[in-house]
Amino acid sequence: MTEYKENNREQPEVTGSHEGPNSGGVPAVEIEAQPAADQEGNSEAENPSAAEPEQHPLRVYDIIYGILFEPVKTMKMIVQKPPVGTTVIIIILLSLVELLTELYTSTRGGPSNLGLDLGMPFRQAMDFSQALRAAAPVLAVLGVLFYFIKWFFYSALLHLLAEFFGGQGKAKTVFTVYGLASLPTVFFIPLNVLAILLFPSSFTAVTTIAGLGVFIWGVILLTIGLREAHQISTGRTLVVIFTPVVAALVLVVIGVVGLMSVISSFIPTTW
């Protein structure tokens, strides 16, 4: 009996173990640590942004390349964090390069055939071309200033119209998207130089066709950007973009018809 009691005293007592038919002999330490892991998992599930890496700001090269060749992916990243300052710098530099290009083409005789293309008589066409060439620097500067004014007001108008159609975006996002949608003009600049050097007689026709292509490209980029900025459908985005254009055309037609009717009322019936 004494040996049996001594053997029982020498055996270590296991406390806190949970040995049941379904436990598998899991120690209590592991069972107690499980809720903590569950709490960490729940906290990550409740706050998924904590597990996602922070998006790095886009570089100038990334913005230009992405807008031109990967517009959907790039516009989605731009909408999350609009690079307003970078966009303004890009557009200013692009406008300066475009201004210098306009000055160069005007000195090389870019608009020399514009009067003839418009169907004017030869003498009047030459006088018109000389006057246009002399005014080209002033017109180029005014064009750059007009673009920045249009950029501000037209982007604000697009933002208001997008909100009217159920959009949820911000004004600075639309401002950034509208500015970056003009990036295809970067291809228009070297085309102007090549056209004046290689096709001087067809300069107006070449630049008109190229300008139409750049305009369509810009509308596509603006549609993608505005759609991602306000989270509306493509159809509603197109309605938002073309509503001011249609309204302006209607006002012009009404103004011309009204002006013609007023002038006709003062014309004698004997004419």
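Taking residues in region 146-173 that are under 27 Å from residue 98 (Cα atoms), and partners anywhere that are of a type in the set (S, T, N, Q) and open to solvent by 90 Å² or more (accessible area, probe 1.4 Å), not one pair has Cβ atoms closer than 7 Å while being at least 6 places apart or on different chains. Residues in region 161-170 that are of a type outside the set (S, T, N, Q), open to solvent by 30 Å² or more (accessible area, probe 1.4 Å) and over 22 Å from residue 66 (Cα atoms): 161, 163, 164, 165, 166. Of the residues examined, residue 149 is one that is exposed (fewer than 13 other Cβ atoms within 10 Å of the Cβ) and at pLDDT below 95.
Of all the listed residues (219, 257, 206), the sole one being surrounded by 11 or more Cβ atoms within 10 Å (Cβ to Cβ), of a type in the set (A, V, I, L, M, F, W, C) and over 29 Å from residue 166 (Cα atoms) is 206. The selection criterion, being over 15 Å from the mean Cα position of the chain (by Cα) and at pLDDT 90 or above, holds for residue 94. The set of residues in region 67-105 being under 15 Å from residue 175 (Cα atoms), part of a loop (DSSP other than H, G, I, E, B) and either open to solvent by 70 Å² or more (accessible area, probe 1.4 Å) or of a type in the set (D, E, K, R) (or both) consists of 81 alone. In a residue-by-residue description of region 231-249, the property of being of a type in the set (D, E, K, R), open to solvent by less than 70 Å² (accessible area, probe 1.4 Å) and within 31 Å of the chain's Cα centre (by Cα) applies to no position. Just one of the listed residues (180, 158, 191) is open to solvent by less than 70 Å² (accessible area, probe 1.4 Å) and over 19 Å from the mean Cα position of the chain (by Cα), namely 191.
The values are calculated or read from the model by the stated rules, or taken from the named source; none is laboratory data. Being a predicted model, the structure only gives us computed values, none of them experimental. Quick reminder, even Gly has a Cβ in these numbers, built from the backbone with ideal geometry, and neighbours come from all protein chains shown. Heavy atoms of the whole protein, side chains included, go into the accessibility calculation; ligands, DNA and RNA do not. Shrake-Rupley method; radii C 1.70, N 1.55, O 1.52, S 1.80 Å.
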